[in-house]
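Asker: Just dropping this structure here.
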Amino acid sequence: YDGPRLGRAYARRSLFSQSLRGAYGLGRSAKSKVLPMILLAVMCAPAVILVAVTITTQQEKLPVQYTRYAVLLQGVIGLFLAAQAPQSVSRDLRYKSVPLYFSRPIERVDYVVAKFAAMASALFMLTGVPLVILYIGALLAKLDFVDQTKGFAQGIVSVALLSLLFAGIGLVVAALTPRRGFGVAAVIAVLTISYGAVSTIQGIADTQGSTDVIPWLGLFSPITVIDGVQTAFLSASSSFPGGYGPSAGQGVVYVIVLLGLIAGAYGLLMRRYRKVGL
């Protein structure tokens, strides 16, 4: 062979692009495109409706904050992650194709980084496109440019953090089993059970007057961690019972936990793929 040897960087970029395309069914069968495209449409539909209402009724602000949008539609995000995280990694494990990747000039860190980045990018597209629609609609409605740009930037930062956290959690859970169905169920269980438990206990604490503990309980669920970070630092209104979001000091703990979860997910993936296929 006397052609160009493209090396690790090319292999890593190719794996990233193919994984990102695969998350939306691009390059796959028509059946594979149905669910992700429907979920993308479902994510965008409320944004279009909110823009239409804002323009028609000539409101002075959007009905929903940029930072609140993803929290309100967390169920759709969870379904997308549950469907696509196992598709990204479980199939490679089931059909034992991981050793084929490593037979190329690619190492485990390249595989993990490409898969992590692709899933985070897919989630960022899912959550970011509706915010772009809201922002364009707000400008068409002639709302204050500075306020809308600031809110949009805060929303983008929020969904970027959410994408990294959810991608890490989804891939770690999905990589534990080669069975796609088990991976889907496990991802849904992790997201829904943690959120349901935290919300229930927070509600009980609110009714009993133990409001001081409400912000700390938010550290035990992925979506409430994001909610706490954006409440403390991105001027978002808290969705915690009674609106008892974390203070700036508690927000620092939220940021540490958030970064720790992302780094921990990456570390667990690296550990998982040290043994796969060998």
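The values are calculated or read from the model by the stated rules, or taken from the named source; none is laboratory data. Given the structure is predicted, the values throughout are model-derived calculations rather than measurements. Quick reminder, even Gly has a Cβ in these numbers, built from the backbone with ideal geometry, and neighbours come from all protein chains shown. Heavy atoms of the whole protein, side chains included, go into the accessibility calculation; ligands, DNA and RNA do not. Shrake-Rupley method; radii C 1.70, N 1.55, O 1.52, S 1.80 Å.
Asker: Does F145 qualify as being in contact with a Leu (Cβ under 9 Å, 6 or more places away or on another chain) and either farther than 27 Å from L35 by Cα or polar (S, T, N, Q) (or both)?
Answerer: yes
Asker: For L72, are the conditions met, namely being of a type in the set (A, V, I, L, M, F, W, C), open to solvent by 30 Å² or more (accessible area, probe 1.4 Å) and either within 30 Å of A153 (Cα to Cα) or at pLDDT below 90 (or both)?
Answerer: Spelling it out, L72 is indeed of a type in the set (A, V, I, L, M, F, W, C), open to solvent by 30 Å² or more (accessible area, probe 1.4 Å) and either within 30 Å of A153 (Cα to Cα) or at pLDDT below 90 (or both).
Asker: Which members of segment 12-61 meet the condition of being assigned to a helix (DSSP H, G or I) and aromatic (F, W, Y)?
Answerer: Listed by number, the list holds a single entry, F16.
Asker: Give me a count of the residues in segment 29-55 that are loosely packed, with under 14 Cβ neighbours inside 10 Å and not small (G, A, S).
Answerer: Total meeting the criteria: 5.
Asker: What number of residues within segment 165-189 are touching a Gly at 6+ places or on another chain (Cβ under 9 Å), part of a helix (DSSP H, G or I) and open to solvent by 40 Å² or more (accessible area, probe 1.4 Å)?
Answerer: 1
Asker: Taking segment 239-249, which residues are farther than 16 Å from L72 by Cβ, in a loop (DSSP other than H, G, I, E, B) and open to solvent by 30 Å² or more (accessible area, probe 1.4 Å)?
Answerer: If the condition is that a residue be farther than 16 Å from L72 by Cβ, in a loop (DSSP other than H, G, I, E, B) and open to solvent by 30 Å² or more (accessible area, probe 1.4 Å), then Y244, S247 are the ones that fit.
Asker: A follow-up question, please. What is the number of the single condition among (1) outside any helix (DSSP H, G or I); (2) farther than 23 Å from A9 by Cα that Q148 does not meet?
Answerer: The one condition Q148 does not meet is (1).
Asker: When only residues in segment 102-121 that are over 24 Å from L261 (Cβ atoms) and either of a type in the set (D, E, K, R) or surrounded by fewer than 19 Cβ atoms within 10 Å (Cβ to Cβ) (or both) count, which is nearest to the chain's Cα centre (by Cα)?
Answerer: Here the residue is E107.
Asker: Now for a separate question. Name the residue that is farthest from I49 (Cα to Cα), counting only residues in segment 136-154 that are within 22 Å of the chain's Cα centre (by Cα) and surrounded by 15 or more Cβ atoms within 10 Å (Cβ to Cβ).
Answerer: Q154
Asker: Now, a different point. Between a first residue in segment 61-80 that is over 15 Å from I49 (Cβ atoms) and free of Cβ contacts under 8 Å to residues at least 60 places away in the same chain and a second residue that is in a helix (DSSP H, G or I) and open to solvent by less than 20 Å² (accessible area, probe 1.4 Å), which pairs have beta carbons less than 7 Å apart while being 6 or more apart in sequence or on different chains?
Answerer: Close Cβ pairs (under 7 Å, with a partner that is in a helix (DSSP H, G or I) and open to solvent by less than 20 Å² (accessible area, probe 1.4 Å)) amount to F80/P36; F80/L39; F80/L126.
Asker: Check V157 against each of (1) in contact with a Leu (Cβ under 9 Å, 6 or more places away or on another chain); (2) surrounded by 18 or more Cβ atoms within 10 Å (Cβ to Cβ) and name the one condition it does not meet.
Answerer: Evaluating V157 over (1) in contact with a Leu (Cβ under 9 Å, 6 or more places away or on another chain); (2) surrounded by 18 or more Cβ atoms within 10 Å (Cβ to Cβ) leaves (2) as the failure.
Asker: Any residue in segment 208-222 that's in contact (Cβ under 8 Å) with a residue 24 or more places away in the chain: show its pairings with residues that are among the small types (G, A, S) at Cβ separation under 6 Å, as long as the two are six or more apart or on different chains.
Answerer: Filtered contacts from segment 208-222: I214/A205; G218/G228; S221/S194.
Asker: OK, next. I'd like the full set of residues that are free of Cβ contacts under 8 Å to residues at least 24 places away in the same chain and in contact with a Phe, Trp or Tyr (Cβ under 9 Å, 6 or more places away or on another chain), limited to segment 83-99.
Answerer: Listed by number, the list holds a single entry, D92.
Asker: Next up: Which of the numbered conditions does A236 fail, given that it passes all the others? Conditions: (1) in a loop (DSSP other than H, G, I, E, B); (2) free of Cβ contacts under 8 Å to residues at least 60 places away in the same chain; (3) open to solvent by less than 20 Å² (accessible area, probe 1.4 Å).
Answerer: A236 satisfies all of (1) in a loop (DSSP other than H, G, I, E, B); (2) free of Cβ contacts under 8 Å to residues at least 60 places away in the same chain; (3) open to solvent by less than 20 Å² (accessible area, probe 1.4 Å) except (2).
Asker: Six or more apart or on different chains, Cβ under 9 Å: which pairs go from a residue in segment 42-55 that's without any contact (Cβ under 8 Å) to a residue 12 or more places away in the chain to one that's not small (G, A, S)? Could you list them?
Answerer: Pairs that qualify, where the first residue is without any contact (Cβ under 8 Å) to a residue 12 or more places away in the chain and the partner is not small (G, A, S), are A45/P130; V53/Q59; V53/P63.
Asker: List every residue pair whose Cβ atoms sit under 9 Å apart, with the two residues 6 or more apart in sequence or on different chains, where the first one lies in segment 190-205 and is more than 14 Å from V225 (Cα to Cα) and open to solvent by less than 20 Å² (accessible area, probe 1.4 Å) and the second, anywhere, is β-branched (V, I, T) and assigned to a helix (DSSP H, G or I).
Answerer: Partner pairs satisfying both residue conditions: A205/T211; A205/V213; A205/I214.
Asker: Right, next: For residues in segment 252-278 being in a helix (DSSP H, G or I) and crowded, with 20+ Cβ neighbours inside 10 Å, which is modelled with the lowest pLDDT?
Answerer: It comes out as L269.
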